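Here is the structure we will look at, set down as structure tokens.
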Amino acid sequence: RAGIDYVDLNLGCPQRIAKRGNYGAFLMDDLKLVSRIVRTATSTLSIPVSCKIRCFDSVEETVRYATMLVECGCSVLGVHGRTREQKDLKATRADWDKIKAVVDAVGSRVPVIANGNVRHYDDAIALMNYTGANGVMSAEGLLSDPALFGRRVRAGVASMTSVDEAMAQRTRYSEPDPSTAEPVGALWPASGTEG
């Protein structure tokens, strides 16, 4: 459709309303249904479909989940490093090791966007450096600092491009086979590149 660049499936919402409605992170209880949803969306739509997830308790389950989503056609994967039960951000730190494991498993096939414990600009840099993710996202951090991503790291590193620009590039330049496509729409340009 005109004006729609991509669809994002939020498979990570841990709120009570998502539990009552059986959506968001509560779909993790029915991976066959999640698979059908993502396959239907990616095979029906002519635009990219991204997914945002929460982690399972184990690294292995989390990696299997991420791999399944990529195999179903997910174009960009956002990974929040907490489980759906870990809603108290002050009590529980995001598990960056799980995000890193997902990047190691599927990051050569799709861009992975890391989420969790990004309250300050330096947190975003640390999360990217630790996990190898293509980009970061933040929710709580942006509430207290809306300009969180508007800074430059150091000379020679471009500022972050917008998600819309990244998805437009991904759509424009990606190859038909997502397993061979380069992550052109990476949200955080490499050192020395223009944003």
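Each reported figure results from applying straightforward, stated rules to the coordinates on display, with no laboratory input. Keep in mind that what you see is a predicted model, and the values were worked out from it rather than measured. Ideal geometry is used to build each Cβ from the backbone, glycine not excepted, and the neighbour counts take in all protein chains shown.
Among G141, A41, V59, whose Cα lies farthest out toward the positive end of the dipole of region 7-173, if unit charges sit on the beta carbon of Lys, Arg (+1) and Asp, Glu (-1)?
Final value for the positive-end residue is A41.
With charges set only on the Cβ (+1 for Lys and Arg, -1 for Asp and Glu), what does the dipole of region 7-173 come to about its Cα centre, in debye to the nearest 20? Display every interim value, and only then the final one.
Working: 23 positive and 18 negative charges, 48 e Å.
Dipole about the Cα centre, nearest 20: 220 debye.
Could you please state, rounded to a whole Å, how far the C-alpha centre of region 75-131 is from the C-alpha centre of region 1-24?
Cα centroid of region 75-131 versus Cα centroid of region 1-24: 18 Å apart.
Would you kindly state how much longer the chain becomes between T92 and A139 on full extension, computed as 0.36 nm times their sequence separation minus their alpha carbon distance, in nm to one decimal?
15.4 nm
State the answer as a single residue: which of S75, A91, A105 lies farthest towards the positive end of the charge dipole of region 71-112, with beta carbon charges of +1 for Lys and Arg and -1 for Asp and Glu, about the Cα centre.
The Cα lying farthest towards the positive end belongs to A91.
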